[in-house]
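What follows is one structure encoded as structure tokens, with my remarks underneath.
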Amino acid sequence: MSTDDRNEKDEAPRGPGNCPDLTTNQGVAVGDDNNSLRGGPRGPTLLEDFILREKITHFDHERIPERVVHARGEGAHGYFEVTQSLKKFTTAKFLRKVGQKTKVFVRFSTVAGSRGSTDLARDVRGFAVKFYTEDGIFDLVGNNIPVFFIQDAIKFPDIIHAVKPEQHNEIPQAASAHDTFWDFVSLTPESTHMLMWVMSDRAIPRSLRMIEGFGVNTFRLIDEDGKAHFVKFHWKPKLGLHSVVWDEAQKISGKNPDYHRLDLWQAIERGQYPEWDFAIQTIPEGEEGQFPFDVLDPTKVWPEQLVPLQKVGRLVLDRNPDNFFAETEQVAFCPSHLVPGIDFSEDPLLQGRLFSYLDTQLSRLGSPNFHELPINRPENAIVNNQREGHMRHMINKGPVAYSPNSLAKGCPFHAGARGFNTFPEKVEGKKVRERSPRFGDHFGQAELFWRNQSDAEKQHIVDAFSFELSMVDTVAIRKRMIDLLTQVDVQLAERVAKNLGLTVDDPASAMKRLKAEWAKYGVTSPPGLRQDYANIKAPELSMAHTVKDTIQTRQIAVLVADGVDGAQVDAIKAALTAGGALVEVVAPSMAPVKRSDGKQLAPQKSLKTAASVFYDAVYVPGGADSAAALKKEGLALHFVAEAFAHYKPLAATGEGLDLLLASGIVPPGGTENDLLKEPGVVGSRKPADAQQVAQQFVKAIAAHRFFDRKSVERVPA
Ligand code: HEM
């Protein structure tokens with residue numbers, strides 16, 4: 001419409017943003033979106049109101065089925081960059097040139113909970129990466145734990161039915177602490193190794209930016225001569241691998257179930273882009289027989305002492321999705337999305353996965369054309385003879401949709417050697433439903449994992465088993481689990497049994513009982529020959545040796561009230577922000593706080609909405625009035641005591657120390673000296689020492705948690 005064609009009605013207001021007109025889905029501008037069409041102001045609504053009907057009909061159909069697993073998730077865009085050429089291993093073009101960047105979309109998830117469930121469930125985290133390579137889509141659909149519960153995909157519906165809410169009452173949501181889960185895993189000895197991981201701190205991450213990722217299943221890289229290497233894929237977070245403690249996880253679940261989602265979103269909005277190294281482990285095809293594990297067994301890791309890790313790339317997430325549904329919800333990852341130069345292994349778990357994802361996505365996304373959605377489309381052109389189906393977007397031209405053809409000059413034509421050609425693995429054998437005896441060692445690596453944990457990590461594993469099994473009502477299941485744990489480590493079994501009020505038998509008697517149970521309930525994969533890992537050191541299995549030299553993106557609370565010494569706040573804040581940490585001032589209310597120098601300090605949070613569980617560390621500055629006021633606030637006393645009980649660094653200067661002393665961290669009658677002897681508690685009575693305290697505080701925050709704080713049990717969290 002030209003300007004001349006407009007009549008006076010076109011001059012209607014367009015909102016404060018000079019907005020485009022609101023239209024129907026047919027592009028017709030809507031005059032009034034606030035009132036339906038009625039027969040008189042108090043009369044019935046008229047059927048002819050196509051504007052009302054269209055709007056409500058669309059709304060009525062807004063929901064699609066959530067993912068059958070990994071329903072709760074969040075995504076981000078970014079890029080992958082090669083730092084070491086993989087030319088000698090693979091023809092995959094996107095892995096061959098140092099500096100080459102490939103666009104990616106990543107989705108993190110929990111497994112068991114539904115779409116609206118809490119981020120802080122004790123669970124595996126999905127770590128799925130879609131690479132939009134020049135040769136098409138490559139999906140690396142991994143987890144933050146390198147092994148899995150089962151060895152064969154045929155058991156996947158069973159493990160998932162067992163962990164999901166129970167059939168009769170749909171309880172509990174996003175939790176494994178219930179009878180059906182422990183019933184199943186106690187009858188599935190191959191799960192034992194995975195149980196050790198999932199009861200470790202890895203299952204309650206501090207941030208999705210601080211988790212590792214693993215392809216889990218073994219793949220093949222194929223080189224220019226057609227030779228294959230078995231390969232495991234890894235992601236290593238630049239910020240290190242960090243977790244919260246279980247009490248904290250449960251509290252965060254109530255106070256902010258979107259905690260991880262928000263953390264990822266905000267870090268990217270701030271420009272503090274999450275980053276991981278990409279690493280591989282490779283074993284030349286033909287040499288796989290010399291290891292104590294079978295490379296096809298997804299319940300095993302490849303210890304780095306035996307198969308070193310090679311860092312070859314990096315992943316950076318630098319853009320949030322524009323629309324959650326269109327991108328994060330509709331993205332469809334699939335382990336069978338491969339590009340030339342990468343191929344599958346015969347891992348029986350992977351083989352089943354290759355079928356499952358596309359199959360489920362057909363029902364989840366409702367059409368075989370979901371690859372046309374912008375988030376799922378490859379960057380290169382899709383050229384084939386597939387046509388029609390629900391919601392086809394692509395408008396193919398011409399009469400031909402078959403091959404071979406002469407009418408379209410033979411096009412499209414198969415790519416021959418340029419295309420994807422399956423690795424010609426020699427396969428022969430009888431059709432059997434049998435597992436290789438090489439898959440039979442269900443406990444060797446579970447013990448390797450346990451042995452390589454720090455004392456604190458071992459305690460957390462004991463606590464996690466004790467919590468979960470205490471939630472199991474059926475005593476026979478608890479007992480079966482204790483018998484199973486004796487096969488990993490007798491001390492582990494004893495420590496858990498003590499918390500359950502059970503006794504522990506010797507491993508041989510326990511195994512006899514287990515075998516009888518397994519036979520009774522039809523278990524067809526009992527343990528076989530145990531492999532010897534006694535001489536293997538695997539520090540990589542522990543989180544204790546992770547990155548501890550940065551405070552980048554850590555959240556620090558500064559507790560203040562009127563009369564706070566602003567100079568102390570400024571000194572500590574400057575040191576923390578210089579290290580890349582984020583500082584939030586928390587005050588009794590949102591009213592500006594009067595500093596002792598007459599200036600004002602604007603709080604970001606009030607004690608009524610903030611909680612220590614949202615912060616990595618707490619600082620209490622001096623100022624006699626401020627400290628005195630905070631000492632009268634139960635919420636402030638709880639804030640510091642809870643942070644202490646969660647092993648977090650605490651700092652105080654000047655009278656700020658009085659709040660720590662009053663909070664119950666030290667026993668009644670305890671002194672400032674006792675307080676400052678506690679690991680991770682730093683401070684000084686002299687305001688002039690603020691700079692020095694700041695340096696100590698920065699070091700303490702980088703260390704993340706102080707699990708050697710013995711007095712914690714006494715402090716109410
Ligand atoms: C190595 C073990 C496994 C890993 C690492 C893994 C990883 C994942 C991840 C990360 C997702 C979420 C994808 C997303 O963000 O959209 C996912 C979804 C899913 N997985 Fe797995 N999974 C494993 C085993 C299996 C097995 C054995 C099966 C079935 C036989 C299976 C079936 C599914 C299904 C049906 C979905 C939902 C996909 C969708 O609706 O888009 N997974 N898996």
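Observations on the model:
- Debye intensity ratio in log₁₀ form over the Cα atoms of the chain, taken at each q of 0.05, 0.06 Å⁻¹: -0.31, -0.45
- Put the Cα centre of the stretch 654-713 next to the Cα centre of the stretch 300-350 and the gap is 43 Å.
- The portion of the accessible surface of the stretch 590-717 made up by carbon and sulfur, rounded to a whole percent, is 56 (1.4 Å probe; DNA, RNA and ligands excluded).
- Here the stretch 440-544 is treated with +1 on each Lys and Arg Cβ and -1 on each Asp and Glu Cβ, and its dipole about the Cα centre works out to around 340 debye.
- Here the contact order of the chain, divided by its residue count and restricted to Cα pairs under 8 Å and six or more residues apart, works out to 11 percent.
- Accessible area per residue was computed with a 1.4 Å probe on protein heavy atoms; Val490 scores about 50 Å².
- Packing-based order for 689-702, 320-333, using average beta carbon neighbours within 10 Å, highest first: 689-702, 320-333
- Sequence-distant contacts, meaning Cα pairs under 8 Å at least 6 residues apart, place the relative contact order of the stretch 597-673 at 34 percent.
- Restricting the calculation to Cα atoms, every distinct pair contributes to the Kirkwood radius of the stretch 440-544, found to be 14.6 Å.
- For the stretch 97-255, the mean projected area of the C-alpha convex hull, equal to one quarter of the hull surface, is 11.9 nm².
- log10 of Debye I(q)/I(0), alpha-carbon scatterers only, for the stretch 411-469 at 0.23 Å⁻¹: -1.03
- Peptides 605-617, 676-688, 516-528, ordered by how many other C-beta atoms sit within 10 Å of their residues on average, highest first, read 605-617, 676-688, 516-528.
- Most positive-pole-ward Cα, Phe325, Thr282, Ser36, against dipole of the chain from beta carbon charges: Thr282
- Share of pairwise Cα separations in the stretch 129-193, more than 17 Å, in percent: 54
- Rounded to the nearest 20, the size of the Cβ-charge dipole of the stretch 615-694 about its Cα centre is 40 debye, with Lys and Arg at +1 and Asp and Glu at -1.
- Based on protein heavy atoms only, the chain ends up with 47 Å² per residue of surface accessible to a 1.4 Å probe.
- Shown for the stretch 440-544: the carbon plus sulfur share of the solvent-accessible area, taken with all protein chains present and a 1.4 angstrom probe, equals 52%.
- For the stretch 351-507, the percent of C-alpha pairs falling in each 10 Å distance bin, counted from 0 to the bin holding the largest distance, reads 8, 20, 17, 16, 17, 13, 8, 1.
- Once you divide the Cα radius of gyration of the stretch 282-358 by 2.2 N^0.38 Å, the number left is 1.47.
- Of the peptides 58-71, 293-306, the ranking by mean beta-carbon count within 10 Å, highest at the top, reads 293-306, 58-71.
- Of all accessible heavy-atom area on the stretch 260-338, the percent that carbon and sulfur account for (1.4 Å): 47
- Qualifying lysines (Cα of each under 26 Å from Cα of Lys397; at least 8 residues distant if same chain): Lys409
- Using the Cβ-Cβ distance between Phe324 and Thr83 with R0 set to 35 Å, the FRET efficiency from 1/(1 + (r/R0)^6) comes to roughly 0.65.
- Segment Asp570..Gln691, full-extension length gain: 42.6 nm, with 0.36 nm per residue of separation and the alpha-carbon distance subtracted.
- Within the chain, helix-based [θ] at 222 nm, where runs of 4 or more DSSP H residues each add -39,500 (n - 2.57), nearest 500: -8000 deg cm²/dmol
- Dipole magnitude of the chain about its Cα centre (Cβ charges: Lys, Arg +1; Asp, Glu -1), debye to nearest 20: 660
- Low-density loop positions, trypsin sites (Lys or Arg not before Pro), the stretch 370-440 - DSSP coil, at most 11 other Cβ in 10 Å: Arg387, Lys397, Lys409, Lys426, Lys430, Lys431, Arg433
- Shape of the stretch 335-394, Cα gyration tensor, a/c cut at 1.5: oblate
- Counting only DSSP beta bridges with both residues in the chain, the antiparallel share comes to about 75 percent.
- The stretch 262-355, relative contact order [Cα under 8 Å, separation at least 6], %: 35
- The alpha carbons of the stretch 548-714 stretch over 40, 35, 32 Å along the principal axes, in descending order.
The values are calculated or read from the model by the stated rules, or taken from the named source; none is laboratory data. Given the structure is predicted, the values throughout are model-derived calculations rather than measurements. All Cβ positions, even for glycine, are placed from backbone atoms using ideal geometry, and neighbour counts span all protein chains on display. Please note that ligands, DNA and RNA were not included when accessible areas were found on the heavy atoms of the full protein model with its side chains. Shrake-Rupley method; radii C 1.70, N 1.55, O 1.52, S 1.80 Å.
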